[in-house]
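A.B. asks: Take this structure first; my questions come after.
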Amino acid sequence: MPHSEKLLIGHSRFSGGRDWRKCCPPYCDCEFPSTMKVTSYKGDLSELFMCRCGENDVEAPELQWQWYDHPESDVRIVGPTVIFHPAYSQGTSIVRGNKPLEVDMVHFWEIRILTVLAGTDVMFGIGTECVDLNQFPFHFASALGANASSWGFSYEGKIQHAAVRLPYGQKFSQGCIVGIYLDRSCGYLEFFLNRRSMGVAYKNIPLDPNIKLYPMVSSTTAKSAIRLINASSEVDCLQLRAFRALSKQTKALKELKQMPGFKILLKNYWFFAPPVRYSQRSQKSQLDLVDEAVLPSKSLVSSRKQKYQDDTDDINDLYGNAHKFASNRRLPEAEADHPFKEYFDEYFQYLF
């Protein structure tokens with residue numbers, strides 16, 4: 001009988017009896033079913049997950065893609081919820097979205113982790129149409145990033161592409177929200193934990209429109225469950241870039257939210273400034289993950305820059321050169337007290 005990879009039962013809420021303090025805390029304080037309850041439950045597992053935090057606090061467009069139900073995959077798909085290996089696990093299952101992520105657009109989606117993550121690997125990321133969803137039916141593998149056709153972020157806090165595995169972020173498990181930001185204009189891939197950016201992971205995402213990319217998740221763990229809670233795609237434009245730059249300015253963003261004319265803009269670009277909350281468990285260490293990230297070592301940063309080095313002076317690099325788009329015109333005296341005057345020259349004019 002093949003070895004079965006099961007949910008590990010330990011004293012900790014997180015996988016394998018690990019100390020939860022070494023993992024990213026959950027997004028909220030809602031109760032999730034224990035490993036024991038998930039393992040022994042005989043009904044539809046999707047009935048156990050009642051928390052909707054992260055879904056109802058965002059005014060976002062409807063999900064712009066769903067999960068593709070591959071007939072040979074060992075998964076059960078119930079709407080946005082995916083249950084991997086519903087009975088027992090003897091290999092690795094991969095699930096992908098039903099629509100490709102188009103070029104010249106930015107894509108952002110969020111996945112809520114509903115069960116304890118354990119075992120060989122659970123990964124989140126993207127892959128081309130060349131990825132065989134049934135590649136590892138009898139083998140436990142870190143599937144995403146195992147070759148050049150996919151890019152993955154492991155629950156162990158590491159990223160992987162072309163079989164090269166690198167430290168990147170915190171470990172995470174049940175209750176966390178994993179966000180994926182894909183820029184198919186610049187070729188950037190970035191991951192988020194509980195709506196906090198962990199920095200750009202890869203800058204080598206293909207921009208060829210003939211290469212189709214899909215959102216993907218892989219798991220080796222029996223009865224592991226995730227739910228797609230948000231999925232947005234927006235055409236890349238200067239307005240989007242300007243909003244992203246302004247979203248990092250707290251004062252400017254606050255003013256924007258008070259202007260009725262920007263309601264649609266705020267809804268479309270919600271993922272640049274999503275509502276963020278902390279569970280009680282993380283109250284003692286509310287370091288901003290944008291700054292904290294994963295505190296990578298200096299040597300790691302150097303090695304990753306060397307591996308994925310881009311020309312930072314490239315005029316097409318809108319991230320690195322946004323400040324060069326400033327308009328030199330002065331505001332009329334009548335507009336001297338405009339609440340956005342300190343931001344206007346650089347970004348605000350492009351929102352109109």
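A.B. asks: Taking 0.36 nm per residue of sequence separation and subtracting the Cα-Cα distance, how much length would be gained by fully extending the chain between Q239 and D132, in nm to one decimal?
C.D. replies: 34.8 nm
A.B. asks: Given a cut-off of 13 Å, what percent of all Cα-Cα pairs of the stretch 190-248 lie beyond it?
C.D. replies: Pairs farther apart than 13 Å: 81 percent.
A.B. asks: About the Cα centre, and with charges only on the beta carbon of Lys, Arg (+1) and Asp, Glu (-1), how big is the dipole of the stretch 64-166? Nearest 20 debye, please. Write out the running numbers ahead of the final one.
C.D. replies: Numbers: 6 positive and 10 negative charges, 49 e Å.
Using only the charged Cβ atoms, the result is roughly 240 debye.
A.B. asks: Scan the stretch 66-122 for chymotrypsin sites (Phe, Trp or Tyr not before Pro) in coil per DSSP, keeping those whose Cβ has at most 11 other Cβ atoms within 10 Å, and list them by number.
C.D. replies: On the way: sites: W67, Y68, F84, Y88, F108, W109; in loops: Y68, Y88.
Listed in order of number, the matching sites amount to none.
A.B. asks: From a point 7 Å beyond the Cα of Q66 in the direction of its Cβ, which residues of the stretch 87-131 have a backbone N at a distance under 16 Å?
C.D. replies: Within reach of a label on Q66: 96-100.
A.B. asks: Could you give the semi-axes, largest first, of the ellipsoid that matches the stretch 105-242, computed as the square roots of 5 times the alpha carbon gyration tensor eigenvalues and rounded to whole Å? Intermediate results must be reported in sequence, preceding the final value.
C.D. replies: Values: eigenvalues 110, 63, 35 Å².
Semi-axes (√(5λ), whole Å): 23, 18, 13.
A.B. asks: Turning to a different aspect of this structure: Just how far, in whole angstrom, is the stretch 52-74 from the stretch 178-196 if you go by their alpha carbon centroids?
C.D. replies: Centre-to-centre distance over Cα atoms comes out at 17 Å.
A.B. asks: Report the calculated FRET efficiency for K254 and K99 (r = Cβ-Cβ distance, R0 = 22 Å), to the nearest 0.05.
C.D. replies: Given R0 = 22 Å and the Cβ-Cβ separation, E is 0.05.
Every read-out reported here was derived from the displayed coordinates using simple, explicitly stated rules and does not represent laboratory data. Computed from a predicted model, the values in this text were never measured in an experiment. Glycine gets a Cβ as well: all are built from the backbone with ideal geometry, and neighbour counts include every protein chain shown.
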